[in-house]
Every structure is written in C-alpha cells, then in structure tokens.
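Have a look at the structure below, then the notes.
The values are calculated or read from the model by the stated rules, or taken from the named source; none is laboratory data. All values reported here derive from a predicted model rather than from experimental measurement. Ideal geometry is used to build each Cβ from the backbone, glycine not excepted, and the neighbour counts take in all protein chains shown.
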C-alpha cells in the first residue's frame, strides 16, 4: 500500500513461539486459519476433529506432526500451549471448560459465536477470569484490512464526528449442517461479524431494533434468514446492518451480483468500501476510499494493499493472543469484550420476539 498515507492494514507479527493445538478440520480451519498460520510461521503441533480421518487429511496437508483421536485428547496433550477451537457453538463451551482445567494450556482462541446465547457466554467469561487464563474469541472481521484502516481513519478524526454507518451484505453463506437444529441462524452465525465490528468502530450501542424474514433458498426451518438491524449509539451515531443471504435468484443465466459494502459518514468526511470475502476462493482485497475536508481537501483518497481478509487477517487474530501471553498485556480480543457482542446478538433476538427496540442494559440485567 502507499506507505506515505501512514495506515497499517495488517497486524505485525511480534510473537510466534507458543505451540498451537487445533480442534476442527472444516473449511475455516483447513482452508483459512492454517493457511494464515503457515504464512506467519506459527508452530502448529497437533490437530483433532469430530472425524479423525478429516483431521488426518488436514494434518498431511499442513505438515502437522500429531493427530489426536478426540478433541479431549488434544486438550490433554502437554505439548499444546495454545488451544485453537473451530467447533460448533453448542459443543464449544464444554471444550473451553476442559481446557481451563489443564495446567499446560496457557491461552485459548475460541471460535465465534462463543456460545449459543448470552447467558452461557457470560458464564464462560466468569469461569475464564477465575482461572487467570487468557481466552480470546475469533472475531476476525476486526482484522479485515479495510476495517483496520477505517478504524485508523476514525481515530485520526479525518471524518469529523461520525453520524451514520451502514453495512450491506448481499451474499450467500454456506450454512453448515449443524445449524439446522439451532433455531438461531443468521444473527448468531453471520450478522455477528457486522454487529461486532460496529462495536469495534463505535463502542457499545445503547439499543438495537431487528427485523427479519426467512430466506427462500434455505430449506430448513428458520426465522432469521434475511435480517436488518438498526443500532443507536450513545454518541449519536446510528448504524444499519443488513444481511441479505437471499440476494436474488441464482439459477443459470441470472446475472445478479453479490457483495458486501460499507459506508461511514461524518461531519467532516465520508469513507466507504467493500469486503473481499464473497468471491472466495478466488479472492480479492477489501477496499477503502475516503474524502476528508481536513485531511484530503475533499478529494477521494484510496489506500491499497495486497493482503485479504481470508486468509491473511487470521494471522493477526492468533498473533494478538500469543503476544498477550508473552508480554503480559491485555489481548486485543478478550472474552470479556466478546460478552458485549453476545449481548448485542441476544438483544437482536429479543427485538425479533417483541417487535421493538431492545437496550443492552435490558439484556445484561
């Protein structure tokens, strides 16, 4: 990117010395996280999954020396210092609790969503605090390059006072089979990215109103398919997050597009961009352009970079945990902070149930 602009789209790798054990051999681990870890030269020493044959295949692909028959056996491996979990959220809490009891486990990177609901997420955070172990949650959109640079633009005051923000997703996720029986779909498993990154940019909102309808393409029963959430922040910022997982017909010959776009308007400028995820695995970098009365004379400026959200951002997620272990500093992604994101998701579901705006104070009471 243009270093003269002074933006830092990717986190520096300050530590790569703690031995990692990975639980899960699905797409997010096999194709994304382990690709990022290999590029960053992180030491992955073991892997396990629900299906040992899948774990063995991924181990051969990424030259991981040990394959455990069960996730529990991996957690008990004394060679594992950092546990990386990419597992269904209904089963993840039990694995976290088992890891918290192991003396050799120094840090845990949990997958998002942390749990199925806010109450369980809060209990996990309290239990983690009692052990003194560092637990982070993989809210990886905070490490998307456009989101990191946008945060730097905001921190510089280039946009003045933020007024309104929007995230507009028109893309079709692959719903994993285990989601069919949850009763919670888009808000818990997709919107959570956008709700969390809005917290990253603007802090905790005071309230959220969410409307939803089923997605015509998704065949199993669900209520939160297509979702639209409006958030109000104490600063006065209002934000809209839309997850259109239908995004139009997709039969042969129909040329509709898919994308994720975002925009932030302030009293002194505007920033807008795209998220590069929808065209994975071909891949393209996320984008950002901004115009500032103070800093660019009202002209549009577009910082550029070559790295992408998938897979490059995932190195930063693991690095912040390793650095916290080495330095003693608070990690950038804490389980305590993630409880705030889970509270926001819970408020969105209550808003669906009650057809009204719901405050976060109501959820945390």
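Hey, residue 45 hits all of (1) surrounded by fewer than 21 Cβ atoms within 10 Å (Cβ to Cβ); (2) touching a helix residue (DSSP H, G or I) at 6+ places or on another chain (Cβ under 8 Å); (3) not in a helix (DSSP H, G or I) but one; which does it fall short on?
(2)
Hey, any hits in the stretch 225-248 for a residue that's over 29 Å from residue 208 (Cα atoms) and part of a loop (DSSP other than H, G, I, E, B)?
No: the stretch 225-248 contains no residue that is over 29 Å from residue 208 (Cα atoms) and part of a loop (DSSP other than H, G, I, E, B).
Which one is farthest from the chain's Cα centre (by Cα) among residues in the stretch 270-292 that are outside any strand (DSSP E or B) and at pLDDT 95 or above?
Applying the filter and picking the extreme gives 285.
How about the stretch 166-221: which of its residues are in contact with a strand residue (DSSP E or B) (Cβ under 7 Å, 6 or more places away or on another chain), within 25 Å of residue 251 (Cα to Cα) and not in a strand (DSSP E or B)?
Matches in the stretch 166-221: 171, 186, 190, 215.
Could you list all residues from the stretch 109-147 that are outside any helix (DSSP H, G or I), under 30 Å from residue 272 (Cα atoms) and out of contact with any strand residue (DSSP E or B) (no Cβ under 7 Å at 6 or more places or on another chain)?
Those that are outside any helix (DSSP H, G or I), under 30 Å from residue 272 (Cα atoms) and out of contact with any strand residue (DSSP E or B) (no Cβ under 7 Å at 6 or more places or on another chain): 113, 139, 144.
Within the stretch 345-361, does at least one residue satisfy the condition of being surrounded by fewer than 23 Cβ atoms within 10 Å (Cβ to Cβ) and under 24 Å from residue 159 (Cβ atoms)?
no
Look at residue 172 and say whether it is under 21 Å from the mean Cα position of the chain (by Cα), buried (at least 16 other Cβ atoms within 10 Å of the Cβ) and in the same structural domain as residue 248 (by TED's automatic domain parsing).
So residue 172 passes the test.
Can you confirm whether residue 152 is more than 20 Å from the chain's Cα centre (by Cα) and either outside any loop (DSSP other than H, G, I, E, B) or surrounded by fewer than 21 Cβ atoms within 10 Å (Cβ to Cβ) (or both)?
When the stated conditions are applied, residue 152 does not pass them.
Would you call residue 257 within 18 Å of the chain's Cα centre (by Cα), outside any strand (DSSP E or B) and in contact (Cβ under 8 Å) with a residue 60 or more places away in the chain? Before you say what the answer is, go through the steps one by one.
Working: within 18 Å of the chain's Cα centre (by Cα): no; outside any strand (DSSP E or B): yes; in contact (Cβ under 8 Å) with a residue 60 or more places away in the chain: yes.
So residue 257 fails the test.
Condition check ((1) in contact (Cβ under 8 Å) with a residue 60 or more places away in the chain; (2) surrounded by fewer than 21 Cβ atoms within 10 Å (Cβ to Cβ); (3) assigned to a helix (DSSP H, G or I)) across all residues:
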{"site": "18", "(1), (2), (3)": "yes, yes, no"}
{"site": "22", "(1), (2), (3)": "yes, no, no"}
{"site": "28", "(1), (2), (3)": "yes, yes, yes"}
{"site": "35", "(1), (2), (3)": "yes, yes, yes"}
{"site": "39", "(1), (2), (3)": "yes, yes, yes"}
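Among (1) at pLDDT 95 or above; (2) farther than 25 Å from residue 235 by Cα; (3) assigned by TED's automatic domain parsing to the domain that holds residue 168, which single condition is residue 267 missing?
Every listed condition holds for residue 267 apart from (2).
Being under 19 Å from residue 110 (Cα atoms) and in contact with a strand residue (DSSP E or B) (Cβ under 6 Å, 6 or more places away or on another chain) is the filter here; which residues of the stretch 46-67 pass it?
Result: 46, 47, 48, 55.
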